[in-house]
Every structure is written in C-alpha cells, then in structure tokens.
Amino acid sequence: VTHEYYDSKGVVTFGVGQTGEWIEKSFKESFEHHADLTRKMIPDLDSYPEYLKAELIQATYRGDIKSTHNWLKKFKAGDYEAAAKEFLNHAEYKDLLKNDPTSGIIDRLESVSRAIQQYGMEGGMPRPIKRPT
C-alpha cells in the first residue's frame with residue numbers, strides 16, 4: 001500500500017505491513033533485517049527449502065518467532081509435527097479463531113504451521129546449500 005493505513009488492530013501501517021520503526025524504511029531493509037534475525041534463531045535457515053524459509057522469515061517479521069518459544073525448541077530438535085502444532089498454540093491465533101475467523105492473520109499463521117509440517121513429512125533434513133560452480 002502506498003499510503004499509511006490502520007491495520008486490523010488499529011496500528012498505523014505502510015507498505016507490506018510495516019509498522020513502528022519500519023514504517024519509514026524500505027521493504028528491502030525490513031526484509032533483510034528480519035531474515036538476519038531469523039538466521040540468528042535458526043542458524044541453518046539458508047539450508048531449508050524456499051517455501052519454509054519464506055514462512056519462517058514472515059513469522060519473524062510478524063513477531064511470531066522468539067528464541068524462547070516452545071515450538072522453536074521442537075523445530076530445532078527435529079520434531080516438526082509437534083513444532084507445527086505448537087506454533088498454533090498461539091494466543092492471537094486462538095483469539096482470532098474465536099472473534100474474527102476471517103482474519104488474514106489466521107491464514108499467515110496456518111501457512112507457517114503447514115510449511116513446518118510439510119517439511120517434516122518430506123523427511124525433515126535441511127538440504128545442502130547449492131553453491132555456484
């Protein structure tokens with residue numbers, strides 16, 4: 001969006017959901033910052049498939065990844081099924097299901113959970129980084 005607007009929580013927002021300190025910055029700056037934050041919590045992030053990396057970075061962007069989260073501990077331990085389930089053990093998710101079941105935030109949270117689950121069903125091993133030759 002090319003102008004400021006209020007999101008569903010009444011927060012002033014710009015662009016692709018940029019708020020607070022990010023409202024004045026470019027999407028590229030914001031994306032790179034949040035990708036780096038994700039790498040700090042998931043050091044092997046770049047070895048995961050693109051669909052999972054994208055979901056994990058958008059979850060960091062939304063504030064849904066913190067190093068203390070139980071789902072992240074399960075994810076790092078390789079228990080992807082439990083991590084996917086635990087990711088949705090989320091106060092905002094539960095509140096939205098009850099009070100605003102058409103919220104796009106529900107879709108975003110479920111997308112992260114599905115990506116984690118899919119990764120687990122594919123064998124749950126980070127893929128080697130392909131380097132140019």
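Summary table
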{"item": "In the range 61-91, residue modelled with the highest pLDDT [restricted to those that are touching a Ser or Thr at 6+ places or on another chain (Cβ under 8 Å) and either open to solvent by 60 Å² or more (accessible area, probe 1.4 Å) or more than 13 Å from Ser113 (Cβ to Cβ) (or both)]", "result": "Lys85"}
{"item": "Search result, residues across the range 31-50 that are part of a loop (DSSP other than H, G, I, E, B), free of Cβ contacts under 8 Å to residues at least 60 places away in the same chain and surrounded by fewer than 20 Cβ atoms within 10 Å (Cβ to Cβ)", "result": "Pro43"}
{"item": "Residues of the range 3-23 satisfying the condition of being open to solvent by 100 Å² or more (accessible area, probe 1.4 Å) and at pLDDT 85 or above", "result": "Glu4, Tyr6"}
{"item": "Selection within the range 81-113 - in contact with a helix residue (DSSP H, G or I) (Cβ under 7 Å, 6 or more places away or on another chain), of a type outside the set (Ser, Thr, Tyr) and in contact (Cβ under 8 Å) with a residue 24 or more places away in the chain", "result": "Glu81, Ala83, Ala84, Phe87, Leu88, His90, Ile105, Arg108, Leu109, Val112"}
{"item": "Candidates Lys98, Lys53, filtered to the one that is open to solvent by 40 Å² or more (accessible area, probe 1.4 Å), charged (D, E, K, R) and in a helix (DSSP H, G or I)", "result": "Lys98"}
{"item": "Filtered residues of the range 1-29 (kept if touching a strand residue (DSSP E or B) at 6+ places or on another chain (Cβ under 6 Å) and outside any strand (DSSP E or B))", "result": "Glu4, Asp7, Thr19, Ile23"}
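The values are calculated or read from the model by the stated rules, or taken from the named source; none is laboratory data. No experiment lies behind these values; they were computed from the predicted model shown. Cβ sites come from the backbone with ideal geometry, for glycine too, and all protein chains shown count toward neighbours. With ligands, DNA and RNA removed, areas are computed over all heavy atoms of the protein, side chains included. Shrake-Rupley method; radii C 1.70, N 1.55, O 1.52, S 1.80 Å.
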